[in-house]
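Single-structure report; data block below.
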Amino acid sequence: MTRNDTRNADDGDEQRTNSSGTAVSEPTAGSEATSGSLLDSSLDVEGGSVPAGADTVIEARDIDVFYDDAQALQGVDIEIPENGVTALIGPSGCGKSTFLRTINRMNDLIDAARVEGELRFEGKNVYDDDVDPVALRRKIGMVFQTPNPFPKSIRDNVAFGLDVQEKDVDVDETVRTALERAALLEEVEDQLDSSGLDLSGGQQQRLCIARAIAPDPDVILMDEPASALDPIATSKIEDLIEDLAEEYTVVIVTHNMQQAARISDKTAVFLTGGELVEFDDTDKIFQNPEHERVEDYITGKFG
């Protein structure tokens, strides 16, 4: 995994609540899924399965998204590789957060939203009628812009998805492992019974990340995860994202181009009108973009 050497935010999306216990920073609404439901196991279904280890884990094919009559995304085509960080950048209102929500069908929670085209996860179109959105969100977790721990203990926050999904695991061990992966265990090891609301903002966001990864999803979506944090907390989140990308596919929306340059392997540039203008290796996007519009945005001529 290559990273950039430089070191050193949002479409105004509303956060949602999930009663199903899916692996998200905020739980998403939806019906209960059975343990053997689609996307909860092998994804070996008619209509497209990809052998284990395939390079592309998420593929958009001519994705259009509308809110009533207003078009938020138009004709988006992209292939997102597994086990790396893909950054979505662009000016406010360009559709990057809308696209992020399209990946795990969070737009289903918005009555006015309509999605056209195909969004394939491990080869299966997630908008097929036989796909259970709740089971999908167990595979594709999400962390939101503002930390949102539940009014529960640190332990119970992380264990929330495990309990709701009735996963047959050692809960305490899984909680500790998730906190360790989220670079938080050393700071809270002696206070797991304390409220998650008592943590600092940066710690709360890492707690939400621990909660998202505890059920062991394949993909983690992050919508401006550090925009509400101070520089020190932001640095910790960035280091954590790089570590998580060794095991998970991470897709992150950010307004901070320096952040995208620091932590991502691939960068997608969305511009006004909901158009994905360019998608390439991050070094290429920031040093030698193909499109003049992208260069103008990167260099600050507009946006």
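The values are calculated or read from the model by the stated rules, or taken from the named source; none is laboratory data. These numbers come from a predicted model, not from an experiment. Quick reminder, even Gly has a Cβ in these numbers, built from the backbone with ideal geometry, and neighbours come from all protein chains shown.
Residues of segment 107-141 that are of a type in the set (A, V, I, L, M, F, W, C) and farther than 22 Å from Val269 by Cβ: Leu109, Ile110, Ala112, Ala113, Phe121, Val126, Val131, Val134, Ala135, Leu136, Ile140.
Results for (1) within 25 Å of Ile237 (Cβ to Cβ); (2) in contact with a Phe, Trp or Tyr (Cβ under 7 Å, 6 or more places away or on another chain); (3) part of a helix (DSSP H, G or I), shown as yes or no for each residue.
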residue	(1), (2), (3)
Thr102	yes, no, yes
Asp111	no, no, no
Asp128	no, no, no
Ala135	no, no, yes
Gly141	yes, no, no
Phe150	yes, yes, no
Val169	no, no, no
Glu173	yes, no, yes
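Within 19 Å of Ser264 (Cβ to Cβ) and of a type in the set (S, T, N, Q): does that describe Ser97? Yes: the conditions hold for Ser97. Screening Leu109, Leu179, Leu162, Leu184 for residues that are modelled with pLDDT under 95 and crowded, with 22+ Cβ neighbours inside 10 Å leaves exactly one candidate, Leu162.
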